[in-house]
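Read through the structure below, which is laid out as structure tokens, and then see the notes.
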Amino acid sequence: MTDLCGGGMEGLWSIAVVLLPVWFSVMIGFIMIPAMFGLSLGVTSVYIQILVKILEWATLRIERGHREQPTLSVPAPLPFGLIQREGGSMEQEMGELRRYRTQSISRGEFALSDSFYFYIKGLESIVDDQVTQRFSSEELVSWNLLTRTNHNFHYISLRLTIIWGLGVIIRYCVLFPLRITLAIIGLTWLVIGTTLVGFLSNKRLKNWLSELVHLMCYRICARGLSATIQYHNKENKPQKGGICVANHTSPIDIVILANDGCYAMVGQSHGGLMGVIQRSMVKSCPHVWFERSEMRDRNAVTSRLRAHVAAKTNLPILIFPEGTCINNTSVMMFKKGSFEIGGTIYPVAIKYDPRFGDAFWNSAKYNMVNYLLRMMTSWAIVVNVWYLPPMTRREGEDAAQFANRVKSAIAHQGGLLDMAWDGSLKRAKVKEAFKEQQQKMYSSMVMGKKGRNSQEPHTESTRRQ
Amino acid sequence: MGSRASTLLREEEIEEIKKETGFSHSQITRLYSRFTSLDKGENGTLGREDFQRIPELAINPLGDRIINAFFPEGEDQVNFRGFMRTLAHFRPIEDNEKNKDHTASEPLNSRSNKLLFAFRLYDLDRDDKISRDELLQVLRMMVGVNISDEQLGSIADRTIQEADQNGDNSISFNEFIKVLEKVDVEQKMSIRFLH
């Protein structure tokens with residue numbers, strides 16, 4: 001008996017050993033070859049449609065579950081925040097507080113109730129503020145059957161749990177090995193291909209081949225993430241000698257954009273695997289990699305970028321002016337450095353669909369490897385890319401104002417919140433200058449409209465200006 | 001992430017907080033979510049630096065005073081109960097509470113308790129009087145460097161003159177209430193939840 005079982009097992013095993021690689025290579029072939037030529041077999045779109053149906057069913061099932069068991073009382077995420085905030089300006093609000101007084105507000109002066117304005121604003125920000133939530137993943141309105149987004153969703157029904165379990169198996173055992181293989185193939189091809197192209201001397205042939213190699217590799221990588229990308233307004237695609245700016249959500253942004261065009265990358269030169277990739281990329285066409293020490297010198301950075309842009313045959317450079325990853329619900333302050341280089345700016349808005357996978361890289365919580373693993377075990381990456389019409393700096397507009405104008409355009413197109421806060425608040429403290437601004441505003445209210453002519457400002461010797 | 005958060009808050013605790021503060025069940029769970037997202041050290045308590053990480057609070061001229069209000073005398077950490085107790089002062093007064101007769105102890109968000117909270121933000125040394133110095137301190141925090149010492153001093157003097165009724169050159173809690181009796185405290189010192 002045992003002999004038979006043993007023999008059976010061995011037989012199965014040998015069949016598996018033979019079939020598995022065959023199946024694997026067939027799959028890879030079916031995915032890679034079309035990817036290299038920019039064609040699509042339509043498999044991904046069918047997959048997405050099936051997913052959407054399943055997720056919609058899951059949403060309905062969860063809602064029904066909530067109605068049947070109200071004691072679960074699971075709070076759904078709030079798109080408009082937790083609390084109602086008064087929209088009035090400082091003057092308006094304080095004026096209302098001061099209404100109990102007989103003197104009018106234009107006479108200035110202080111009222112004991114003035115501090116109430118600051119108290120309420122402070123407490124409102126403790127309960128719910130606009131900034132800190134941008135540095136963590138967006139909460140979904142309904143669960144998308146991924147464990148990692150399961151914040152408040154409890155057990156609802158057996159069927160839902162089975163589907164979720166099936167999902168885990170499919171994602172980790174089927175999709176994940178496939179995607180990893182594709183990613184490795186893609187990156188290897190990039191290194192080999194660009195090095196080979198680097199040996200050519202004929203300029204035109206070199207450029208053409210280099211673009212081809214880059215595109216192929218990024219397309220394979222995109223397949224490696226099951227990425228479905230919709231490009232809008234392709235007529236505004238960035239041209240050579242220009243600067244492409246986009247909102248930043250994750251390192252994958254580069255793969256997303258480079259699927260449709262060739263860009264010159266800008267960044268810090270790393271060691272290790274990244275370094276190998278970077279060095280080989282430079283062999284086939286110019287990218288701009290900075291040493292860590294160079295990055296501190298803003299003038300050096302700007303002049304190198306300017307030189308690159310000035311050579312009109314160079315590929316457009318790709319810059320993310322926010323400087324850090326934001327969670328794709330808002331666009332934060334654009335650093336003006338990129339806008340001082342000159343040349344034409346091609347803004348691009350990128351918006352991920354959060355139902356299929358959370359693309360935001362929370363660099364405080366997850367390192368790069370962890371993040372890529374999470375990406376490869378999501379359902380898919382579905383993203384919309386809008387190319388906006390090119391912009392240039394107007395007469396009399398300084399770099400910061402220009403940056404804000406571009407930021408608003410991108411936020412408006414992508415349906416994101418336009419925020420003036422700096423993305424570096426993720427790690428750094430907010431500048432004192434903003435507090436001083438508020439103090440100044442309040443002081444002018446206290447002094448009234450007669451102005452501050454008869455007094456000198458209080459000076460503290462230790463005060464930093 | 002809020003996943004661990006809502007499972008760590010037990011039903012009994014939620015009931016106790018509900019009784020003490022008057023917040024609803026869903027408001028408490030949401031505020032707990034907020035509490036844990038601010039608690040970067042993940043040890044169940046908030047320190048002053050956790051509050052200062054909120055940019056909008058950091059630029060508030062009275063931010064430090066507000067943060068202090070959360071921490072009991074001499075302590076550096078506040079737990080969720082303490083957090084809720086302080087926030088409870090700013091819960092709106094519901095209609096069915098307005099005319100309740102106060103046989104039970106006064107709710108944390110009554111008009112008089114709201115004013116007491118504001119009074120204590122002025123009265124640092126808790127001697128139940130806002131002295132000229134204490135008033136000057138708050139004024140200085142609000143105006144920064146933009147007004148001179150003498151100007152500020154005379155503003156403080158005028159304010160105390162207006163409010164002071166027993167001639168002790170400071171503002172007691174009753175005098176404070178009297179000055180502000182026409183202010184719509186219920187409306188202006190409340191945070192309205194959308195759910």
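The values are calculated or read from the model by the stated rules, or taken from the named source; none is laboratory data. Keep in mind the model is a prediction, meaning the values are calculated, not measured. No Cβ is skipped: glycine too gets one built from the backbone with ideal geometry, and neighbour counts run over all protein chains shown. We work out accessible area using only protein heavy atoms, side chains counted, and drop any ligands, DNA or RNA first. Shrake-Rupley method; radii C 1.70, N 1.55, O 1.52, S 1.80 Å.
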Seminar exercise, completed: Selection over region B:25-65 where residues are over 20 Å from A:Ser136 (Cβ atoms) and in contact with a Lys or Arg (Cβ under 7 Å, 6 or more places away or on another chain) yields a count of 5
Exercise. Which one is farthest from A:Leu200 (Cα to Cα) among residues in region A:291-307 that are of a type in the set (A, V, I, L, M, F, W, C) and in contact (Cβ under 8 Å) with a residue 12 or more places away in the chain?
Worked result: A:Met295
For this session: Mind listing whichever residues of region A:398-420 are surrounded by fewer than 18 Cβ atoms within 10 Å (Cβ to Cβ) and either in contact with a Lys or Arg (Cβ under 6 Å, 6 or more places away or on another chain) or farther than 25 Å from A:Gly342 by Cβ (or both)?
Result: A:Ala399, A:Ala400, A:Gly415, A:Leu417
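Every residue in region B:27-39 that is more than 9 Å from chain A (Cβ to nearest Cβ) and either of a type in the set (Lys, Arg) or out of contact with any strand residue (DSSP E or B) (no Cβ under 9 Å at 6 or more places or on another chain) (or both), please. If you could, list the steps in order and put the result at the bottom.
Let us first name the residues in region B:27-39 that are more than 9 Å from chain A (Cβ to nearest Cβ), namely B:28, B:32, B:35-36, B:39.
The answer is B:Ile28, B:Tyr32, B:Thr36.
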Exercise. What about B:Phe71, is it touching a strand residue (DSSP E or B) at 6+ places or on another chain (Cβ under 9 Å) and open to solvent by less than 10 Å² (accessible area, probe 1.4 Å)?
Worked result: no
Problem set entry | Cβ-Cβ under 7 Å pairs, at least 6 apart or on other chains, region B:119-134 side of a type in the set (S, T, N, Q), far side assigned to a loop (DSSP other than H, G, I, E, B) | B:Ser131/B:Ser170
Exercise. Is one or more of the residues making up region B:43-62 over 30 Å from B:Gln137 (Cα atoms) and either more than 7 Å from chain A (Cβ to nearest Cβ) or at pLDDT below 90 (or both)?
Worked result: yes
Problem set entry | Those residues of region B:184-195 which are among the charged types (D, E, K, R), open to solvent by 70 Å² or more (accessible area, probe 1.4 Å) and not in a loop (DSSP other than H, G, I, E, B), in sequence order | none
Exercise. If you take the residues in region B:122-146 that are charged (D, E, K, R) and over 20 Å from the mean Cα position of the chain (by Cα), which one is surrounded by the fewest Cβ atoms within 10 Å (Cβ to Cβ)?
Worked result: B:Asp133
Problem set entry | Elements of type helices (runs of 4 or more DSSP H) contained in region A:285-396, each with 2 or more residues being touching an Asp or Glu at 6+ places or on another chain (Cβ under 8 Å) and at pLDDT below 85 | A:298-310
Exercise. Looking at this structure, is A:Leu417 at pLDDT 90 or above, touching a strand residue (DSSP E or B) at 6+ places or on another chain (Cβ under 7 Å), aliphatic (A, V, I, L, M) and within 25 Å of A:Asp253 (Cα to Cα)?
Worked result: no
Exercise. Of the residues that sit in region B:165-190 and are within 19 Å of the chain's Cα centre (by Cα) and among the charged types (D, E, K, R), which one is farthest from A:Ala111 (Cα to Cα)?
Worked result: B:Glu186
Exercise. Applying the selection to region B:148-183, what residues are more than 8 Å from chain A (Cβ to nearest Cβ) and open to solvent by 80 Å² or more (accessible area, probe 1.4 Å)?
Worked result: B:Gln161, B:Glu162, B:Gln165, B:Asn166, B:Asn169, B:Asn174, B:Lys178
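Taking region B:39-49 as the region of interest, how many residues are assigned to a helix (DSSP H, G or I) and crowded, with 18+ Cβ neighbours inside 10 Å?
Within region B:39-49, the first condition is being assigned to a helix (DSSP H, G or I), and the residues that meet it are B:48-49.
After this cut, where a residue has to be crowded, with 18+ Cβ neighbours inside 10 Å as well, the list is none.
So the count comes out to 0.
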Problem set entry | Positions within region B:168-195 being farther than 21 Å from B:Thr86 by Cβ and of a type in the set (S, T, N, Q), in sequence order | B:Asn169, B:Ser170, B:Ser172, B:Asn174
For this session: Go through the residues of region B:59-81 one by one and say whether even a single one is in a helix (DSSP H, G or I) and more than 24 Å from A:Asp114 (Cβ to Cβ).
Result: yes
For this session: Considering only residues that are more than 14 Å from A:Pro389 (Cα to Cα) and open to solvent by 60 Å² or more (accessible area, probe 1.4 Å), look in region A:229-247 and name the one that is farthest from the chain's Cα centre (by Cα).
Result: A:Lys240
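Here is a list: A:Val288, A:Val255, A:Val276. Which entry is hydrophobic (A, V, I, L, M, F, W, C), in contact (Cβ under 8 Å) with a residue 40 or more places away in the chain and closer than 22 Å to A:Val197 by Cα? Steps first, answer last, please.
Details: A:Val288 fails: in contact (Cβ under 8 Å) with a residue 40 or more places away in the chain; A:Val255 fails: in contact (Cβ under 8 Å) with a residue 40 or more places away in the chain.
That would be A:Val276, the only listed residue that is hydrophobic (A, V, I, L, M, F, W, C), in contact (Cβ under 8 Å) with a residue 40 or more places away in the chain and closer than 22 Å to A:Val197 by Cα.
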